[in-house]
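> Encoded as structure tokens, here's the structure I'll be asking about.
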Amino acid sequence: MIHAAKRPIIFAGQGVIQAGATSLLLEFVRRSDIPVAATLLGLGGFPASHPRALGMMGMHGEAWVNKAIQESDLIIALGMRFDDRVTGNLKTYAPNAKKIHVELDPAEVNKNVVVDLPIVADIKEVLRLLVPNVDARDRSEWLDYIHQLRGDSAVIDIQSMTDNGKLYAAHVIHDLWRITDGKAIIVSDVGQHQMWEAQYYRHDYPRKLITSGGLGTMGFALPAAIGARFACPTEEVWVVVGDGGFQMTQAELQTLTQEGLKVNIAIINNGYLGMVRQWQEFFYNRRYVSTPMTSPDFVKIAEAHGHLGLRVTKRSELRAAVEQARSASGTALIDFRVEQEDSVYPMVPSGADLADMIRRPKTSQLLESGEDQ
Ligand SMILES: Cc1ncc(C[n+]2csc(CCOP(=O)(O)OP(=O)(O)O)c2C)c(N)n1
Ligand SMILES: [Mg+2]
């Protein structure tokens, strides 16, 4: 099937990371020249900077990645479960693709998507047997086509933007990625900030992104980061969390104090249960019911627990604050006051065809460049 395919695509799910199969996947791609799309939990399983990396698929993946999936003729899905955030409408999902599904959990096979070749096995074992038997094929037509589609990208090149005086979550995440050289362990919560993290922090290494995935558990990030720091005491750990989710488990700030642990906390404070506000904006005529939200003074909260607390309201203050947090000996919290009504683009509406995405409007403030506009 792999040799016969003209437009194949590999899906890397969390199973690749759990199986310890990341270097085998690299070898598979080197031999086969097949591009790789990742699930949210698969990020880092294949390096984001690799020329064959397509990035995240699905609801908040790039439109061109989803288009490539819809037009593919073979999907090789490794350690993922075709959940609804990945497939959109199952009836119109990748209609011309043959599907191979390598998955350890038999309950996930033929559950959402009926596949042509299910392989219930350890990915590492499968790749070990498969890779030596994969011959090189000229994939240039398919790869050139994807490259053309790539021109249509919704994730903005933040670095080339001039500072328009406003602070966006995308700035915070992108700068955090640059400042930490992409090497920090990021523990993200649930909401818009989680999707911006997935889009703007480029994960080149496995096991550096911890997030609750399909469980969607607000309040997860701070306690999970405590676990990450216990497990990896010499690694830099950053919590990326919303103002909503943070308030669910902020009492764990005292656990950090009590255990003498250092983590860095970036609160993406937009004054809303932002992901729900976005759905209200797109699908419910901007009826912002129960989503505008107040918060306590997070800087004072941090200080009350004996931690460093900082606030950032402009992009120009961002780097210094992040550096101060990193060099602090104990836990540091930064309250990033970001644009309140920004949205995550692009977006496949729940249950829609994967190719039917809502794009960033041309009037989006994130596209403004320069104070004079
Ligand atoms: C415990 C829990 N309650 C409710 C939800 C539904 N939910 C998903 S995202 C979200 C909003 C999150 O708001 P915030 O933490 O401020 O993050 P933002 O989307 O603004 O970045 C809600 C309420 C959830 N996932 N988990
Ligand atoms: Mg919020």
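Computed from the coordinates by the stated procedures, all read-outs in this text should not be read as laboratory data. What you see is a predicted model; the values in this text were computed from it and never measured. For neighbour counting, all protein chains shown are included, and Cβ atoms are generated from backbone atoms with ideal geometry for every residue, glycine included.
> Over 20 Å between Cα atoms: which of Lys183/Lys300; Lys6/Lys98; Lys98/Lys124 fall into that group?
Correct reply: Lys183/Lys300; Lys98/Lys124.
> Charges only on Cβ, +1 for Lys and Arg, -1 for Asp and Glu: so what's the dipole of segment 178-267 about the Cα centre, in debye to the nearest 20? Before the final figure, lay out each step's value.
On the way: 7 positive and 9 negative charges, 42 e Å.
Here segment 178-267 has a charge dipole of around 200 debye.
> A follow-up question, please. Taking Cα centroids, how far is segment 298-317 from segment 127-194 in Å?
After rounding, the separation between the Cα centres reads 29 Å.
> If you don't mind, there's one more thing I want to ask. Run the quick spin-label model on Arg326 and Arg128: label points 7 Å from Cα toward the beta carbon, then report their separation in nm to one decimal.
With each label placed 7 Å out from Cα toward Cβ, I get 3.8 nm.
> Would you calculate a helix-derived [θ] at 222 nm for the chain, using -39,500 (n - 2.57) for each DSSP H run of n ≥ 4 and dividing by the full residue count, to the nearest 500? Don't skip to the end; give the middle numbers.
Working: 14 runs with 120 residues, N = 373.
Taken over the chain, the calculation gives -9000 deg cm²/dmol.
> Using alpha-carbon positions, what is the distance between the centroids of segment 51-84 and segment 207-249, in Å?
26
> Over 19 Å apart: what share of the alpha carbon pairs of segment 159-254 falls there, rounded to a whole percent?
41
> Would you grab the residues whose amide H sits under 5 Å from the one on Ile265? Only those 5+ places off in sequence or on another chain, please, with H modelled 1.01 Å from N.
Amide H neighbours of Ile265, under 5 Å, 5+ apart: Val239, Ala332, Leu333, Ile334.
> Who wins for biggest fluctuation among Asn264, Asn66, Asn110 in a Gaussian network model of the chain, springs between alpha carbons below 10 Å?
Asn110
> In debye, nearest 20, what is the charge dipole magnitude of segment 88-239 about its Cα centre with +1 on Lys and Arg Cβ and -1 on Asp and Glu Cβ, if you could check?
180
> How long, wide and thick is segment 12-133, going by the Cα atoms along their three principal axes, in whole angstroms, largest first?
Sorted from largest, the Cα extents of segment 12-133 read 34, 32, 24 Å.
> For the chain, what is the charge dipole size about the Cα centre, in debye to the nearest 20, if Lys and Arg each add +1 at the Cβ and Asp and Glu each add -1 at the Cβ?
Charge dipole, the chain, about its Cα centre: 300 debye, nearest 20.
> Still on this structure, please answer the following. Could you identify which residue out of Val65, Val289, Val312 has the top mean-square fluctuation in a GNM of the chain using Cα springs shorter than 10 Å?
Comparing Val65, Val289, Val312 in a Gaussian network model of the chain, the most mobile one is Val289.
> Mind checking which of Ala68, Ala221, Ala320 has the largest fluctuation in a GNM of the chain, springs on alpha carbons under 10 Å?
Judging by the Gaussian network model, the answer is Ala320.
> As I understand it, the dipole of the chain uses +1 on the Cβ of Lys and Arg and -1 on the Cβ of Asp and Glu, about the Cα centre. Which of Ser32, Pro349, Gly227 lies farthest toward its positive end?
Ser32
> Please compute the volume of the convex hull spanned by the alpha-carbon atoms of segment 218-268 and report it per residue in Å³. Before the final figure, lay out each step's value.
Details: hull volume 2.9 nm³, N = 51.
Dividing the Cα hull volume of segment 218-268 by its residues yields 57 Å³.
> Another question about this same structure. Taking only the alpha-carbon atoms of segment 243-289, what semi-axes of the equivalent ellipsoid follow from 5 times the gyration tensor eigenvalues under a square root, in whole Å, largest first?
Values: eigenvalues 210, 17, 7 Å².
The three semi-axes for segment 243-289 are 32, 9, 6 Å.
> Could you quote the convex hull projected area for the chain, Cα atoms only and averaged over all directions, in nm²?
Approximately 18.4 nm², given one-decimal rounding.
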